Amino acid sequence: MGTRSRIVAWLRVLLPLTALAILSVLFLLGRKPDPEASIPYADVGPRELAERQAVTSPTYAGVTRDGAQLSISAAEALPGDRTSGAQAQAVRMTLRASDGRAADVSAGAASMADQQVRLGEGVRMTTADGWVLTAPELLASTTEGTLLSEDEVNVLAPFGRLTAGRMEFRPSGEGSGDHVLDLSGGVRLIYRP
């Protein structure tokens, strides 16, 4: 037997033993799993969870009188009582007119009552034409397809910045399915060509 054959014979024995030793060390020195950390639990107690009425990831879809598609989704919704309407958190709303133009609205919270959705806590509306509008609160009608803000709104348009005391996004009224963004109440424009 040559030297090379002896080395190969020894390596055939030593390499598998070395691999077995390394795996044994990995299993022996490995940390034990923490059973509490591996399973995610809810932060609420079972009693509170059983008594709480909420819907996670609710979605509403409909069509307004002028044919615009309306969809509303939220992270969570709570039913209302006799004095207040239903409440929702992390709300997203899309209003798509018949002509294809769309307005996407996001808000931190919303309350719903009588086909009216009051959006608040950081309302941001983006239109398909590139307009971005922020307002403290927005009132949306699910039947008429209108969005209304009686508070000051800040608008970033493709041609500059606008501020207005009032804003209304409504159907044009001619049966065409088009929507109009109407800014009023002391409109100021900073034009940037």
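The values are calculated or read from the model by the stated rules, or taken from the named source; none is laboratory data. Every value quoted in this text rests on a predicted model; they were computed, and no experiment measured them. All Cβ positions, even for glycine, are placed from backbone atoms using ideal geometry, and neighbour counts span all protein chains on display. The accessibility values were calculated without ligands, DNA or RNA, using every heavy atom of the protein model including side chains. Shrake-Rupley method; radii C 1.70, N 1.55, O 1.52, S 1.80 Å.
So for each of 180-190, 71-81, 18-28 I average, over its residues, the number of other beta carbons within 10 Å; can you give me the resulting order with the highest mean first?
On the way: 180-190: 13.0, 71-81: 15.7, 18-28: 9.5.
In decreasing order of mean packing, 180-190, 71-81, 18-28 become 71-81, 180-190, 18-28.
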**Prompt:** Where does helix 3-29 land angle-wise versus the long Cα axis of the chain, in degrees 0 to 90, nearest 10?
**Reply:** 50 degrees
**Listed residues 48, 121, 168 arranged by accessible area, highest first, probe 1.4 Å** = 121, 48, 168
**Only Lys, Arg (+1) and Asp, Glu (-1) charged, at Cβ; the chain dipole about Cα centre in debye** = 1560 debye
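Give me the accessible area per residue for the stretch 122-193, probe 1.4 Å, as a whole number in Å². Please list the in-between numbers first.
Numbers: 3720 Å² over 72 residues.
Heavy-atom accessible area per residue stands at 52 Å².
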**Positive-end extreme of charge dipole, the chain - chosen from 10, 28, 154 (charges on Cβ)** = 10
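Sorted by mean Cβ packing within 10 Å, highest first, what order do the peptides 61-68, 105-112 take? Display every interim value, and only then the final one.
Numbers: 61-68: 15.6, 105-112: 19.9.
Highest-to-lowest ranking by the protection proxy: 105-112, 61-68.
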